[in-house]
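Trainee: Could you have a look at this structure, given as structure tokens, before my questions?
The values are calculated or read from the model by the stated rules, or taken from the named source; none is laboratory data. Computed from a predicted structure; not experimentally measured. Using ideal geometry, Cβ is built from the backbone for each residue, glycine included, and neighbour counts are taken over all protein chains shown.
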Amino acid sequence: MKTSRNRTLYREVKNLLAGSERRAKENLDWLASNMPPFFFESMRGEPGSVTTLCRELESLRDNRHLLLAEREKALIVARLDVPGSLYETIRRITEREISYSEMSHSDAPLPGTGFFLEVQRYELDRKEEREIAAYEGAALPEAVRRRVLAAVRREYPEVQPKEQGKLLEILWKNSPSYVRFSPPERIARIVWLLNEGKAHGGVFFSLQEAGEVQESRILLA
């Protein structure tokens, strides 16, 4: 397993799989070895979806996609990473506005397919400004606030202290699950991006190196 942060979700899913087919547990091991750490971070609130993926992973050898969750405000789909896979999914949700999306890809081809695994996750809960202003949901957990603001101060000291908490609150009111389950460094980056967008009249573009891997991160606000 790539990181200790995987262990909580791993244990929870393994309990759900107790008594099921040996192959499903082998699939869980394959996911733990071949999916990026962020996949397990972001899916901590979706153990049932990961369980479905473990049980039905082989179905992607014959089917175009595997539906992991479909709710009023959420859609999670597993597919093979082939040309047009993203477009095919988005066509299904054209009547609903996407508030957040993420794509996770395996580091190795899915056995028996020759293609990499792709998990697409969408939140369909885009809010208008008046809804944010009238927000009456759960408050931002203090522990989450402390971790994120510490990351902002460390990574993006140019963000003014009075803006840090304000921007974090806006993110929380838009997507509590994203803020709750994402690494503090990722949320800090979005706080910085919002700040830069405001400072540049609502339009901002940045290209960053993505850590240790030889990839670049495109940021647009």
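Trainee: Considering only residues that are in contact (Cβ under 8 Å) with a residue 60 or more places away in the chain and in contact with a Lys or Arg (Cβ under 6 Å, 6 or more places away or on another chain), look in the range 66-104 and name the one that is nearest to Gly45 (Cα to Cα).
Mentor: Within the range 66-104, the first condition is being in contact (Cβ under 8 Å) with a residue 60 or more places away in the chain, and the residues that meet it are 99-100, 102, 104.
Imposing the further condition that a residue be in contact with a Lys or Arg (Cβ under 6 Å, 6 or more places away or on another chain) reduces the set to 99, 102.
On the way: Ser99: 17, Glu102: 15 Å.
For the range 66-104, the residue satisfying everything is Glu102.
Trainee: Can you tell me which residue is surrounded by the fewest Cβ atoms within 10 Å (Cβ to Cβ) among those in the range 114-169 that are farther than 18 Å from Glu97 by Cβ and touching a residue at least 60 places away in the same chain (Cβ under 8 Å)?
Mentor: Val119
Trainee: Within the range 77-98, how many residues are within 27 Å of Asn174 (Cβ to Cβ) and in contact with a helix residue (DSSP H, G or I) (Cβ under 7 Å, 6 or more places away or on another chain)?
Mentor: Total satisfying the criteria: 3.
Trainee: Ok, one more. How about the range 170-185: which of its residues are in contact (Cβ under 8 Å) with a residue 60 or more places away in the chain and either of a type in the set (D, E, K, R) or in contact with a Leu (Cβ under 9 Å, 6 or more places away or on another chain) (or both)?
Mentor: As a first pass, look at the range 170-185 and keep what is in contact (Cβ under 8 Å) with a residue 60 or more places away in the chain: 174-175, 177-178, 180-183.
Within the range 170-185, Tyr178, Arg180 qualify.
Trainee: Do any residues in the range 49-65 that are under 11 Å from Ala78 (Cα atoms) have Cβ atoms under 6 Å from those of residues that are surrounded by fewer than 17 Cβ atoms within 10 Å (Cβ to Cβ), where the two are at least six apart or on different chains, and which pairs are they?
Mentor: From the range 49-65, the pairs are Ser49/Ala69.
Trainee: Restricted to the range 29-44, and to residues that are small (Gly, Ala, Ser) and buried (at least 17 other Cβ atoms within 10 Å of the Cβ), which residue is modelled with the lowest pLDDT?
Mentor: To start, the set of residues in the range 29-44 that are small (Gly, Ala, Ser) comprises 32-33, 42.
Filter once more, so that each one left must be buried (at least 17 other Cβ atoms within 10 Å of the Cβ): 32, 42.
Values: Ala32: 96, Ser42: 84.
This residue is Ser42.
Trainee: Farther than 23 Å from Ser177 by Cα and either basic (Lys, Arg) or surrounded by fewer than 17 Cβ atoms within 10 Å (Cβ to Cβ) (or both): does that describe Ser101? Spell out how you get there, then give the answer.
Mentor: On the way: farther than 23 Å from Ser177 by Cα: no; either basic (Lys, Arg) or surrounded by fewer than 17 Cβ atoms within 10 Å (Cβ to Cβ) (or both): yes.
Spelling it out, it is not the case that Ser101 is farther than 23 Å from Ser177 by Cα and either basic (Lys, Arg) or surrounded by fewer than 17 Cβ atoms within 10 Å (Cβ to Cβ) (or both).
Trainee: Looking at (1) farther than 30 Å from Arg23 by Cβ; (2) surrounded by fewer than 13 Cβ atoms within 10 Å (Cβ to Cβ); (3) not β-branched (Val, Ile, Thr), which one does Arg186 not meet, given that it meets all the others?
Mentor: (2)
Trainee: Among the residues in the range 164-178, are any basic (Lys, Arg) and either under 25 Å from Phe40 (Cβ atoms) or assigned to a helix (DSSP H, G or I) (or both)? First the steps, then the outcome.
Mentor: Looking only at the range 164-178, we keep the residues that are basic (Lys, Arg), and these are 166, 173.
Among the residues that remain, those that are also either under 25 Å from Phe40 (Cβ atoms) or assigned to a helix (DSSP H, G or I) (or both) are: 166, 173.
Yes.
Trainee: May I pose another question? Give Arg186, Arg154, Arg146 a once-over and let me know the one that is under 30 Å from Leu53 (Cα atoms), not assigned by TED's automatic domain parsing to the domain that holds Gly48 and not hydrophobic (A, V, I, L, M, F, W, C). Before the answer, list the steps.
Mentor: Working: Arg154 fails: under 30 Å from Leu53 (Cα atoms); Arg146 fails: under 30 Å from Leu53 (Cα atoms).
Exactly one residue qualifies, and that residue is Arg186.
Trainee: Which residues, taken from the range 45-76, are modelled with pLDDT under 90, among the basic types (Lys, Arg) and closer than 25 Å to Asn174 by Cβ?
Mentor: Lys73
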